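The values are calculated or read from the model by the stated rules, or taken from the named source; none is laboratory data. Note that the structure is predicted; figures quoted are calculated from it, not measured. Neighbour counts run over all protein chains shown; Cβ positions are idealised from the backbone, glycine included. With ligands, DNA and RNA removed, areas are computed over all heavy atoms of the protein, side chains included. Shrake-Rupley method; radii C 1.70, N 1.55, O 1.52, S 1.80 Å.
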Amino acid sequence: MGLAERRKALGYSQETLAHALGVDRTTVGRWENGKTEPQPQLRPKLAEVLRLDLGELDVLVAQPHASPQESAGLPPRDHDGSRDTDDMIRREFLRAVAMTGALSALPVEEADALESGTRRRSAASFLRMNDHLWQVYQLARTKGSVLPVVRDQLDALNAALDERSGREGRALCGAAGELFQLAGELAFDNNRYTDAAASYTLAATASKEAGAYDLCASALVRLAYVDVYESRYRQAAEILSAAEKVARRGDSTLPTRYWIASVKAEAQAGLGNLTACEQELDTAEKVLDLGPGRMKGWLRFDGSRLAEERGARYVQLGRLDLAEKALTAALEQDDLAEGQSFRRRGAVLADLAAIGAKRRDCDQLLAFGSEAVRLARVSSSGYVAHRLHGLRAEFGPLVRDARVAELKAEMDALSMT
C-alpha cells in the first residue's frame, strides 16, 4: 500500500487530507507521485491523520501509487467514487443556483415577458415530487439508489428555470433549495463532505431567494453538521447560531429550532461541555410538545431519535454508564427493531461497540461491532462505515485478541463511499 492508497482507505480526498494538515492539495499530490516528501515538521501530524507510526509512514512515502490525473497535478477524476455524482453536484447545481439567483433578481413584469408560452411543469409539481423523493430517501436502505431519480428531477428543474417563469420564480427557488438539500444528504451519506457542503450552501442560497426561512435554516444546520462530523465544533457552533437567527423569522410551529438545538448538543459534546450539551438536548426534547403533523420532507425532526442521540453524546463525553443506558433504551424502540432502519441501528450498535472498546470488554465490542459491520454491508451506508472506521482507534491492546483483529480487518474492508 502506498501513500495514496492509505489516504483513500481512510476516506480522505487529497483536498480533505491537505486541509487537515494545513497544506495545499497539490502538495499532497507531489508527495503521492514521489516528486517531494513530507517535510519533517509535518510528518508527526501526517502519521497521526493516517493512523500510522513514523516508521510505517516512511514506508508509505517510499511507495508512491498515484493516478495519472494526480501525478499530473490535476484534481482527481472524482473522490473515490462516481464521476456522475461529482458532475451533478458541482456543475448542474452551480448552474441551477445561478439560474435561481438571476430569476429572483428580475422584476416580475420583465420575467413574465420572457415566458415562452410553452407548457411547463409548475412549481407545485416540483414540490410534490421533491416531497416524494424525501419519503423514498427516508425509507431506502441503500440511500444511493435514490440518486438517479434526483438527477432526473434536477434536469427537469434546470429546464423550468431556463423558462424564467416570473410568477413562479420564488416557488422554483424553494424547490431548488429542497432538491439541493436532498442531493447534499446523498453526498454526505457517501462521505463526500466537500460535495455535501457545496450542496447545502447552494440550498441555503436558493432558499433565501425564495424567502423560505425554515428551509434556509435547515440547509445551514446540515452545513454545520459537516463541520461537526469533521470535528470542527467551533465552526459548527457559529453556523448553528446563524441558523437560529434565520429560524426566528420562520414558522414557530415547525420543529426547526429544536433540530438546531439537537445539533448544537453534538457540537457542545465535541467541545467537552456536558452542561451545555444537556441543556440543548432538553431544549430539543420540547419538540414533543408540537404534536404530530408538523414535519416536512426536508425537516423530519420529531424527537424519535433523541434517545440514541443522547447516548451518542454521552459516548463523546466519556460518560459510559449514561451512554449505555440511553443507547440500550434506543434499541428497544420500534424504529430500531431488527429489519427496520439499518443506518440508525448500525450507528447505535457502533456506539455500543465503542463503549465495549473503551471498557476493554472484548465480548461487548465483538457482539455489537460484528452486527454493525453486517448492517454497514447490507445497507452500503458510508455513514455507518465511517462510524466503524473511527471506532478502530479505540481498540488499543484488544487488537491482540485474534477475534478483535479479525473484526478490525472487516472494518478496514468496508467501503466509505
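Sort through Arg345, Arg387 and tell me the only one that's at pLDDT 85 or above, part of a helix (DSSP H, G or I) and under 20 Å from Asn190 (Cα atoms). Being at pLDDT 85 or above, part of a helix (DSSP H, G or I) and under 20 Å from Asn190 (Cα atoms) holds for just one of Arg345, Arg387, which is Arg345.
Condition test on Glu244, is it part of a helix (DSSP H, G or I) and within 17 Å of Ala224 (Cα to Cα)?
Values: part of a helix (DSSP H, G or I): yes; within 17 Å of Ala224 (Cα to Cα): yes.
Judged against the criteria, Glu244 is a match.
Look at (1) over 25 Å from Ala196 (Cβ atoms); (2) small (Gly, Ala, Ser); (3) at pLDDT 75 or above and you find that Ala18 fails only one, number (1). Checking each residue in region 194-219 for being under 13 Å from the mean Cα position of the chain (by Cα) and buried (at least 24 other Cβ atoms within 10 Å of the Cβ) picks out Asp195, Ala196, Ser199, Tyr200, Ala219.
Could you tell me whether Arg222 is surrounded by fewer than 22 Cβ atoms within 10 Å (Cβ to Cβ) and modelled with pLDDT under 95? The answer is no for Arg222. Somewhere in region 309-330, is a residue modelled with pLDDT of 80 or more, of a type in the set (S, T, N, Q) and in a loop (DSSP other than H, G, I, E, B)? The answer is no; no qualifying residue exists. Within region 352-379, the set of residues being under 14 Å from Ala312 (Cβ atoms) and open to solvent by less than 20 Å² (accessible area, probe 1.4 Å) comprises Leu352, Ala353, Ala354, Ile355, Ala372. Just so you know, in region 277-311 the residues that are over 21 Å from Leu327 (Cβ atoms) and of a type in the set (Gly, Ala, Ser) include one that is surrounded by the fewest Cβ atoms within 10 Å (Cβ to Cβ), and it is Gly293. With the structure loaded, tell me whether Asp189 is more than 20 Å from Lys245 (Cβ to Cβ) and modelled with pLDDT under 90 or whether it fails that test. Taking the combined requirement at face value, the residue satisfies it.
Screening His389 on (1) open to solvent by 40 Å² or more (accessible area, probe 1.4 Å); (2) under 20 Å from the mean Cα position of the chain (by Cα) shows it passes everything except condition (1).
Take Ser415 and decide whether it is modelled with pLDDT of 90 or more, open to solvent by 40 Å² or more (accessible area, probe 1.4 Å), on the phi < 0 side of the Ramachandran plot and of a type in the set (Gly, Ala, Ser).
Working: modelled with pLDDT of 90 or more: no; open to solvent by 40 Å² or more (accessible area, probe 1.4 Å): yes; on the phi < 0 side of the Ramachandran plot: yes; of a type in the set (Gly, Ala, Ser): yes.
No.
Among the residues of region 319-346, those identified as open to solvent by less than 30 Å² (accessible area, probe 1.4 Å) and in contact with a Phe, Trp or Tyr (Cβ under 7 Å, 6 or more places away or on another chain) are Ala323, Ala326.
Considering only residues of region 225-249 that are open to solvent by 40 Å² or more (accessible area, probe 1.4 Å), closer than 30 Å to Leu21 by Cβ and of a type outside the set (Ser, Thr, Tyr), which is modelled with the lowest pLDDT? Among those that are open to solvent by 40 Å² or more (accessible area, probe 1.4 Å), closer than 30 Å to Leu21 by Cβ and of a type outside the set (Ser, Thr, Tyr), it is Glu230. Name every residue in region 366-417 that is without any contact (Cβ under 8 Å) to a residue 24 or more places away in the chain and more than 16 Å from Gly346 (Cβ to Cβ), in order of residue number. Within region 366-417, Val399, Arg400, Ala402, Ala405, Glu406, Lys408, Ala409 meet the criteria.
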